[in-house]
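Engineer: What follows is a single structure, and I will ask about it in a moment.
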Amino acid sequence: MSAQSAGVVRGPLTRLRSLGGGWLQRLCLLLLVLFVLVSLFAPWLAPQDPTFGGLDATLAGPSADHWLGTDQGGHDTFSALIEGTRTSLAGPLAVVLFSTVTGIAVGLFSAWRGGWVDTMVGRMLDIVFAFPALLLAILAVAIFGKGMTAPVLAMAIAYMPYTARLVRGLAVQEKARPYIAAYRVQGHSAMFVAVRRLLPNIGPTVLAQSTVNFGYALLDLAALSFLGLGVQPPTPDWGAMINQGQAAVLQGEPLSAIVPAVAVVVVVVAFNVVGESFGDRLAGRDS
């Protein structure tokens, strides 16, 4: 008998344990929740204005006023790290949302129509696959200028085939199940069956893939900002902070570069661990 049927109310820790799997997965999930909360409350958590600096505080070491020191512009590294959480997570979130929504639409359409339509859509996805996401983002910057809008749209297009192919493969399998035929015999439209009945069954697997994609998108956008093509100063961003901290490393004050680099690695690894763990648990449940 399940806990729910027995009338036992499951607490937050029990739900987290069931979703996260082992201790590593739960730790990564907690870290992601922490970073999300920091990004939401960054203006209130940052002790100083990260865009305000001064030559008198250039490359200062850790102190009571600057917990992680300052960069070569005198900006507080800890405050910049907190504020940079917002831009560093907002860009990948936009990439994942756009690529997931369009990928679901393209994948469902391709699988449901089949035939020459499915073949043509597959060829178009192959063409998009041939271009790395970072390369498309750099081309977008070259055409439309520096910033976040053009790279985010370019990366969303580059990431879309991953979701589209996954959805197409899962939808083809689901179409062969008896419940799909039963709904069609009852007179339900193809749109209703695909969106209201088929999509919820494949949704968790798509969510797992999107979680992994988030980590990769964050890494690509951080690399773009590191190259000076993404978020522009004085807006704090982890990739830009790593770039600006290179000179500090050579002068013996590496924190302004190491701290945002560690933040990028931790978030990317956490998203990959959580996403792959979620996908493994789904696969084990379906087997």
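Engineer: Ordering 174, 276 from largest to smallest accessible area (1.4 angstrom probe), what's the sequence?
Structural biologist: Of 174, 276, the descending order of accessible area is 276, 174.
Engineer: Would you calculate, for the chain, the mean residue ellipticity at 222 nm contributed by helices, counting each DSSP H stretch of 4 or more residues as -39,500 (n - 2.57) and dividing by all residues, to the nearest 500?
Structural biologist: The per-residue figure over the chain is -23500 deg cm²/dmol.
Engineer: Given a 1.4 Å probe and heavy atoms of the protein chains only, how would you sort 148, 191, 155, 124, largest accessible area at the top?
Structural biologist: I get 191, 124, 148, 155, largest accessible area first.
Engineer: If you don't mind, another one. Nearest 10 degrees is fine. How inclined is helix 255-286 to the longest principal axis of the chain, computing both from alpha carbons?
Structural biologist: It works out to around 10 degrees.
Engineer: Further question: Can you give the relative contact order of the chain as a percent, counting alpha carbon pairs under 8 Å and 6+ residues apart?
Structural biologist: Relative contact order for the chain comes out at 22 percent.
Engineer: Equivalent-ellipsoid semi-axes (√(5λ), Cα gyration tensor) for region 203-262, whole Å, largest first?
Structural biologist: 29, 12, 7
Engineer: May I pose another question? Compute the whole-percent fraction of alpha carbon pairs in region 80-207 spaced more than 19 Å apart.
Structural biologist: 56
Engineer: Order 200-208, 214-222, 113-121 from most to least packed using the mean count of other Cβ atoms within 10 Å.
Structural biologist: Most protected by this proxy first, the peptides run 214-222, 200-208, 113-121.
Engineer: Further question on the same structure: Return the sequence-ordered ³J(HN,Hα) values of region 138-151 in whole Hz as given by the Karplus equation 6.51 cos²θ - 1.76 cosθ + 1.60 applied to θ = phi - 60°, using x for Gly and Pro.
Structural biologist: 5, 4, 5, 5, 5, 8, 9, x, 6, x, 10, 4, 5, x
Engineer: Continuing with the same structure: Where does each of 101, 266 land when they are ordered by accessible area, with a 1.4 Å probe and the largest first?
Structural biologist: Output order, biggest surface exposure first: 101, 266.
Engineer: OK, next. Could you tell me what a quarter of the Cα convex hull surface of region 80-124 works out to, in nm² with one decimal place?
Structural biologist: For region 80-124, the mean projected area of the Cα convex hull comes to 3.6 nm².
Engineer: Treating only the Cβ atoms of Lys and Arg (+1) and Asp and Glu (-1) as charged, compute the dipole magnitude of the chain about its Cα centre; round to the nearest 20 debye.
Structural biologist: Once rounded to the nearest 20, the dipole reads 1780 debye.
Engineer: Can you give me the % of accessible surface on region 148-287 that is carbon or sulfur? Probe 1.4 Å, all protein chains present, nothing else counted.
Structural biologist: Carbon-and-sulfur percentage of accessible area, whole number: 63.
Engineer: Mind pulling up the Rg/Rh value for the chain? Radius of gyration and Kirkwood radius, both on Cα.
Structural biologist: Dividing the radius of gyration by the Kirkwood radius yields 1.06.
Engineer: Binning at 10 angstrom from zero up to the longest distance, how are the C-alpha pair distances of region 140-287 distributed in percent?
Structural biologist: The percentages, shortest bin first, are 10, 28, 26, 19, 12, 5, 1, 0.
Engineer: Given a 1.4 angstrom probe, what's the average accessible area per residue across the chain, in square angstrom?
Structural biologist: Dividing the accessible area of the chain by its residue count gives 53 Å².
Engineer: Work out Dmax and Rg for region 174-220 from the C-alpha atoms and quote the Rg first, both in angstrom.
Structural biologist: 15.0, 47
Engineer: Can you give the charge dipole size of region 31-168 about its Cα centre, rounded to the nearest 20 debye, using +1 on the beta carbon of Lys and Arg and -1 on the beta carbon of Asp and Glu?
Structural biologist: Rounded to the nearest 20 debye, it is 880 debye.
Engineer: How big is region 160-240 in terms of Cα radius of gyration and Dmax, in angstroms?
Structural biologist: Over region 160-240's Cα set, Rg and Dmax evaluate to 19.4, 60 Å.
Engineer: Relative contact order for region 155-287: what is it in percent, counting Cα pairs under 8 Å that are at least 6 residues apart?
Structural biologist: RCO, region 155-287: 23 percent.
The values are calculated or read from the model by the stated rules, or taken from the named source; none is laboratory data. Worth saying up front: this structure is predicted, and the values here are computed from it rather than measured. Here the Cβ is made from the backbone with ideal geometry for all residues, glycine too, and neighbour counts use every protein chain on show. For accessibility, only protein heavy atoms count, side chains too; no ligands or nucleic acids. Shrake-Rupley method; radii C 1.70, N 1.55, O 1.52, S 1.80 Å.
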